[in-house]
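Report on one structure; see the data block that follows.
Every number in this text was worked out from the coordinates using simple rules, so none of it is lab data. No experiment lies behind these values; they were computed from the predicted model shown. When we count neighbours, we look across all protein chains shown, and the Cβ atoms used for this are built from the backbone with ideal geometry, even at glycine.
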Amino acid sequence: MPSYSKQFTKGIEDRVKNGTLKIASSFGAQTASDDVPRKTAAKTNAIENLQALGRMKAGKMNKTEREYSQYLDALIACGDVLWWKFDAVNLRLADNLHYRVDFLVMLANGSLEGHEVKGGHAFDDSIVKLKMANELYPWPFYLVKKKKGGGWNITKVGNKK
């Protein structure tokens, strides 16, 4: 971290206090906690840089999932899909290991499918869970990724009919 002269640092602090200089943490109301320096965890490798900063709350869709839900709504309008539900089931794969299906989809013929929507990157642990769910549960599972240029790349997991 660079070191600045006491005079420079004092000048900045005075400008923040009198409101002539705003810092990112003080847009809006300034609180006492804004004076405390914040430490952020440094990301140590490329994988961590790809991961989201936090998890979505259960039942909340991310942008890609919202877009896919709109695609499913269009399939309902066409008559290819009867029903879908986001985060409908949580499947037990092993002791202390669960998999929550992104979309449980009922097709026009009444059969169920599990659709796992992934943004840019699908990590090994999520693919392993998807394959385990495919082996343990009776309906087929699909990995759904957004295509460049629009549309969806939907890949069947395993060989279930």
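How big is the dipole moment of the range 59-157 about its Cα centre under a simple scheme where the beta carbon of each Lys and Arg is +1, that of each Asp and Glu is -1, and everything else is neutral? Debye, nearest 20, please.
On the way: 14 positive and 12 negative charges, 62 e Å.
It comes to approximately 300 debye.
Using the 10 angstrom Cβ neighbour count as an exposure proxy, how do Leu97, Leu104 rank, fewest first? Walk me through the numbers on the way to the answer.
Working: Leu97 11, Leu104 17.
Listed from fewest to most nearby Cβ atoms, that is Leu97, Leu104.
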### Query
Residues with amide H under 5 Å of Ala88's amide H, sequence separation 5 or more or different chain, H placed in the peptide plane at 1.01 Å from N; which?
Leu104
### Task
Just check the range 59-157 against the gyration tensor rule for me: Cα atoms, a ≥ b ≥ c as the square roots of the eigenvalues, rounded for a/c under 1.5, and otherwise prolate or oblate depending on whether a/b exceeds b/c.
oblate
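Mind sorting Trp152, Trp84 by how few other Cβ atoms lie within 10 Å of their own Cβ, fewest first?
Working: Trp152 15, Trp84 20.
Fewest to most other Cβ atoms nearby, the residues stand as Trp152, Trp84.
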### Message
With 10 angstrom as the radius, rank Glu113, Glu135 by how many other C-beta atoms surround their C-beta, starting from the fewest.
### Response
Glu135, Glu113
### Task
Would you please classify the overall shape of the range 102-157 from the alpha carbon gyration tensor, given that a ≥ b ≥ c denote the square roots of the eigenvalues, rounded means a/c under 1.5, and beyond that prolate means a/b larger than b/c while oblate covers the rest?
oblate
